[in-house]
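*Asks:* If you scroll down you'll find the structure; I have some questions about it.
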Amino acid sequence: YLQLTLAILKPHVVKSPFVLQKIRDLIIDNNFKIVRSRRTTISREEAELFYKEHKDKFFYNRLLTFMCSGPSDIYILTRHDAIAKWRRMMGPTKVYQAQYNAQDTIRGMFGLSDTRNATHGSDSTESAKREIMIFFKDFNINKWYNNE
Ligand code: CMP
């Protein structure tokens, strides 16, 4: 069935037209459909909600500062097996793993650091639902799945 995932193209990606286009091409070439799309500078409040599971991590402040530093592209993507497929395409979170072991992934190609790692993707159907509700308040996810 067509699964939903939430993808974020982070601020350093949106600032770079070439990188942005490459990632958009990868999304389309891998048979994702963009269900909803927003370009927005994420607010501190949204970022705190979105990353609440990381609030005790050493990188929390730098993560929030970066995520709120400029516009991000936020997409609801759909495809068969969307969550796992997008995460495979992104590659590992940590930039050294991405660049040494996964050079053909989005983070391997375009990640700049563990924080500026190019993209985000939901890690489960529950996270996808939670994350979609943060950024697309008017999107009725239950209706989407019931109509499938
Ligand atoms: P993301 O998929 O958006 O979810 C959590 C984010 O925290 C992650 O991508 C990175 O941007 C950031 N992050 C994870 N681990 C580290 C780390 N070790 N140092 C700095 N930032 C990190």
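Every number here is computed from the coordinates shown, using simple stated rules; none is lab data. Because the structure is a prediction, the values reported are computed rather than measured. Cβ atoms come from the backbone with ideal geometry, glycine included; neighbour counts cover every protein chain shown.
*Asks:* Mind checking which residues of the stretch 25-60 are without any contact (Cβ under 8 Å) to a residue 12 or more places away in the chain and within 18 Å of Gly91 (Cα to Cα)?
*Replies:* Across the stretch 25-60, the qualifying residues are Asp25, Ile28, Asp29.
*Asks:* For the stretch 83-126, what are the residues that are touching a residue at least 60 places away in the same chain (Cβ under 8 Å), within 15 Å of the ligand (Cβ to nearest atom) and part of a helix (DSSP H, G or I)? Reasoning before the result, please.
*Replies:* Start the filter on the stretch 83-126 by keeping residues that are touching a residue at least 60 places away in the same chain (Cβ under 8 Å), which leaves 83, 86, 89, 106, 109-110, 112, 116-122, 125.
Filter once more, keeping what is within 15 Å of the ligand (Cβ to nearest atom): 83, 86, 89, 106, 110, 112, 116-122.
Those that are touching a residue at least 60 places away in the same chain (Cβ under 8 Å), within 15 Å of the ligand (Cβ to nearest atom) and part of a helix (DSSP H, G or I): Ile83, Trp86, Met89, Ile106, Phe110.
*Asks:* So, in the stretch 65-82, of the ones that are buried (at least 17 other Cβ atoms within 10 Å of the Cβ) and part of a helix (DSSP H, G or I), which residue ends up farthest from the ligand (Cβ to nearest atom)?
*Replies:* Ala82
*Asks:* Just for helices (runs of 4 or more DSSP H) wholly inside the stretch 5-54: which have at least 2 residues that are more than 13 Å from the ligand (Cβ to nearest atom), in contact with a helix residue (DSSP H, G or I) (Cβ under 8 Å, 6 or more places away or on another chain) and not β-branched (Val, Ile, Thr)?
*Replies:* Numbers: elements: 11-14, 17-29, 44-50.
Filter on the stretch 5-54 gives 17-29, 44-50.
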